[in-house]
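Working notes, beginning with the structure itself.
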Amino acid sequence: MSGLAVRAAAAVRSPEGRAPEDRPAALDYFRDLLTPFGEKPDEELLNRGAHVQHRDLVDLLVADEGVGRSRPELLVVTHALPDVVPFTAVAPHMTDRLGGRAANFAIAQQGLAAPFTALRIASAYHRAGRAAEVVIAVLEQTTLPTPFPLVHDTPLIDSAAALVLGAGAGGGEEAAAGTDAEDGLRFVRAHSAASAAEALGADALGRDVGEEGTLLVLGPWVTGDVPESPAVHRVAPGSYCTSLWLELADHWQEWRENHRRIVLCDTDPRSGRSHVALFARGEG
């Protein structure tokens, strides 16, 4: 069975906010959550936030034509920051919007590693014949009940990205022409290491990142020396776990045409571990 290739993608940045909903219930929830740790919700901070819920981000992603027409058999929602109103099961909600038949779940508590974990899970499902099509959503909302330096000092924007992955190339003219997975941008592997240099080393990556035809995409949190590559794209600050995936959603078709391999790398500022995902055209 051929690997998973990117078929469609969508990105959302700084969507319009909304008035706070379920404020008394949300405050009660946050009080119960924070009191055992000697803290209490900052109501002024909450009121200043945009209150963009994970459900709002999902609805905007599904509104994209490429994502909205997908009918996945596996759907994974990932996020590093909690939802502002934690009363909606977002993965089932997104599944319902996309045909209602996908096995679905969320990955959290992993920082920016979560989307990389989702890719490994999706690949395993696909290899086992359990999912011909997969959707991975990466969500980030920034309205929090207590000050969080990563959010408020950076600062971060509300954002989201979605990837539709399946056996074969992208939709539109390519699909009509019968283009197969060998010409698509296929997921090859994902791994982590103690540093970006180690994660991008030839031993970890399986090949030299400096090979001709490779595009190295570095997230905003990568610091220190990394192996040289003939083409490097640096992601601007403003996002935490969504950064690489926003850029991939925006540029995957262009990158696929111009490069044989796309290497995505970012370093979690909280754990210090670096994470890498390799996509390639016509490679196993």
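Here are the numbers for the structure shown:
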read-out	value
Nitroxide proxy distance, nm - points 7 Å out along Cα→Cβ at THR88 and GLN253	2.8 nm
Among SER271, TRP252, ALA236 - extreme Cα towards positive end, dipole of segment 234-284, charges at beta-carbon	SER271
Cα centroid separation, segment 119-168 to segment 14-59 (Å)	21 Å
For segment 1-103, diffusion coefficient by Stokes-Einstein and Kirkwood Rh (Cα), 20 °C, 1.002 mPa s, µm²/s	135 µm²/s
The chain - percent of accessible surface contributed by carbon and sulfur, probe 1.4 Å	47 percent
Among (i) 99, 36, 35; (ii) 61, 44, 38; (iii) 54, 44, 31, the entry that matches Cα extents along the principal axes in Å as calculated here	(iii)
Residues of segment 116-157 with amide N under 16 Å of the 7 Å Cα→Cβ point at ARG48	142-157
Signed unit charges on C-beta, dipole axis of the chain, positive-most listed residue ALA25, VAL90, THR154	VAL90
Relative contact order %, the chain, counting alpha carbon pairs below 8 Å whose residues are six or more apart	24 percent
DSSP bridge pairs, segment 179-284: antiparallel proportion in percent, nearest 5	60 percent
Antiparallel bridges, percent of DSSP beta bridges restricted to the chain (to nearest 5)	60 percent
Mean separation of Cα contacts under 8 Å (6+ apart) over length of segment 27-152, as relative contact order %	37 percent
Selection of GluC sites (Glu not before Pro), segment 1-67, meeting DSSP coil and at most 12 other Cβ within 10 Å	GLU16, GLU21
Charge tally in the Cβ shell below 13 Å around ASP32, where Lys, Arg are +1 and Asp, Glu are -1, ASP32 excluded	0
Student exercise, segment 1-120 dipole from Lys, Arg, Asp, Glu Cβ charges, in Debye to nearest 20	560 debye
Structure-based [θ]222 nm, the chain - -39500 (n - 2.57) summed over DSSP H runs of at least 4, per residue, nearest 500	-8000 deg cm²/dmol
Unit charges at the beta carbon, dipole of the chain: most positive-side option, GLY99, ALA202, HIS51	GLY99
Charge dipole (debye, nearest 20) of the chain; +1 at Cβ of Lys and Arg, -1 at Cβ of Asp and Glu	640 debye
Probe 1.4 Å, accessible area per residue of the chain, Å²	43 Å²
With DNA, RNA and ligands ignored, accessible area of HIS51 (1.4 Å probe; Å², nearest 10)	20 Å²
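The values are calculated or read from the model by the stated rules, or taken from the named source; none is laboratory data. Quick caveat: nothing in here was measured; it's all calculated off a predicted structure. Note that we place each Cβ from the backbone using ideal geometry, even for glycine, and neighbour counts take in every protein chain shown. For accessibility, only protein heavy atoms count, side chains too; no ligands or nucleic acids. Shrake-Rupley method; radii C 1.70, N 1.55, O 1.52, S 1.80 Å.
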